[in-house]
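What follows is a short report on a single structure.
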Amino acid sequence: LNLAQVRSLTVFGNLNHVPFHSFNYGIIQVLDLEDWKGLKERHMTEICQMLLLKYLSIRRTEISKIPSKIQKLEYLETLDIRETYVRDLPKSIVQLKRIISILGGNKNTRKGLRLPQEKSKKPIKNPSPQGKTKEPAKKGFLSQEKGKGAMKALRVLSGIEIVEESSEVAAGLHQLTGLRKLAIYKLNITKGGDTFKQLQSSIEYLGSCGLQTLAINDENSEFINSLGDMPAPPRYLVALELSGKLEKLPKWITSITTLNKLTISVTVLRTETLEILHILPSLFSLTFAFSLSAAKQDQDIIKDILENNKLDSDGEIVIPAEGFKSLKLLRFFAPLVPKLSFLDKNAMPALEIIEMRFKDFEGLFGIEILENLREVHLKVSDGAEAITKFLVNDLKVNTEKPKVFVDGIVTA
């Protein structure tokens with residue numbers, strides 16, 4: 001094959017060999033190598049010589065390192081390294097001044113991509129008479145010394161990890177003023193610590209600059225519970241995802257009239273929560289979720305929280321009779337879905353689809369009065385108890401409209 005004029009390559013299936021030597025490195029602009037198991041580290045060195053490359057996807061390959069020579073790809077706009085073994089980006093990544101999207105990490109396993117940062121330095125002794133110790137000024141990973149105006153074109157930064165030692169990274173986010181999407185797959189920091197404060201400041205600032213999508217998975221730092229205290233809400237948000245042990249909704253959430261998609265932890269599933277959210281005029285999709293693959297200890301904690309929430313809501317979660325005018329998709333992904341009731345046909349009047357994944361289920365009532373509801377999808381996890389199987393089977397057999405689809409063994 002004469003590949004000298006090829007400008008775009010997409011690989012499908014189990015290809016043993018790609019003749020990189022046959023390409024004209026000076027004209028190729030798109031490489032989509034997703035799922036190609038034949039990709040090796042030596043190929044990455046060759047790819048870094050394709051100087052006009054604009055799009056590079058090595059998603060779900062076995063690559064574990066991005067070469068520092070990637071800085072040669074000065075026209076690169078999209079770098080997709082999701083679900084690879086890459087855990088760290090090289091410092092040279094900040095030299096990509098045209099980069100628009102960096103996609104990394106693994107959302108299913110909550111593994112994040114670490115951004116480059118300055119190595120910590122020892123405190124400098126201040127020779128003043130007071131004998132005080134002067135801490136060196138902190139530098140973000142986009143410090144101007146590394147390149148003034150670096151990565152100003154970046155719009156999407158997805159799948160990153162921020163841990164306690166990442167204060168420089170958290171501070172550097174301030175400089176990404178063009179960012180429209182920020183997704184943090186792993187967050188494990190100390191409440192009130194330096195990284196905690198830097199991240200708070202960065203998110204508040206980015207929210208004022210035009211951030212439209214914010215997703216945070218907070219394992220145990222209580223960071224997501226501090227977002228409600230931000231003096232200024234992220235006014236331009238279209239999509240918000242807060243995963244972890246969320247205690248209550250951010251105070252400012254009802255003021256975000258542009259919010260279209262909301263995913264929040266099932267830990268706030270209460271009638272009160274629905275009464276707060278029902279006034280959002282643009283909300284199209286609402287999801288209550290908690291990882292079904294979480295450790296049994298965490299699942300037990302979630303079940304206890306949901307039981308308490310149910311008691312606070314008089315034994316069931318009731319959908320408000322008015323509101324949710326634009327909502328078409330309602331989803332629940334949790335170890336336990338408590339009893340949910342629709343008592344009025346004007347409750348979620350535009351709703352078309354309900355999706356649920358669970359191990360334990362206490363019932364879904366009143367769905368037949370919803371005029372626009374077309375489908376209910378139930379997925380039952382392994383190990384479901386007999387009462388759950390009975391309730392699911394009863395709902396499927398006795399509901400004519402909407403159509404109920406069941407995935408999993410439901411015969412009691």
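The values are calculated or read from the model by the stated rules, or taken from the named source; none is laboratory data. Computed from a predicted structure; not experimentally measured. Cβ sites come from the backbone with ideal geometry, for glycine too, and all protein chains shown count toward neighbours. To get the accessible areas, we keep the full protein, side chains included, count just its heavy atoms, and leave off ligands, DNA and RNA. Shrake-Rupley method; radii C 1.70, N 1.55, O 1.52, S 1.80 Å.
Annotations for the structure displayed:
- Exactly one residue among Thr258, Thr287, Thr273 is at pLDDT 90 or above and either closer than 14 Å to Gly244 by Cα or of a type in the set (Asp, Glu) (or both), and that residue is Thr287.
- So Glu322, is it over 21 Å from Lys396 (Cα atoms) and among the acidic types (Asp, Glu): yes
- Only one entry of Glu400, Glu385 meets the criterion of being over 27 Å from Ser326 (Cα atoms), out of contact with any Phe, Trp or Tyr (no Cβ under 6 Å at 6 or more places or on another chain) and of a type outside the set (Phe, Trp, Tyr), and that entry is Glu385.
- Among residues that are within 24 Å of Glu164 (Cα to Cα) and modelled with pLDDT of 95 or more, Val94 is not included.
- Any chance Gly315 is open to solvent by less than 30 Å² (accessible area, probe 1.4 Å), in the same structural domain as Phe290 (by the TED database) and part of a loop (DSSP other than H, G, I, E, B): no
- The number of residues in region 211-227 being open to solvent by less than 10 Å² (accessible area, probe 1.4 Å) and in a strand (DSSP E or B) comes to 3.
- Test: Ser226 is small (Gly, Ala, Ser), at pLDDT below 95 and touching a helix residue (DSSP H, G or I) at 6+ places or on another chain (Cβ under 8 Å): yes
- Residue check, Thr190 part of a helix (DSSP H, G or I) and either over 19 Å from Ser265 (Cβ atoms) or open to solvent by less than 10 Å² (accessible area, probe 1.4 Å) (or both): no
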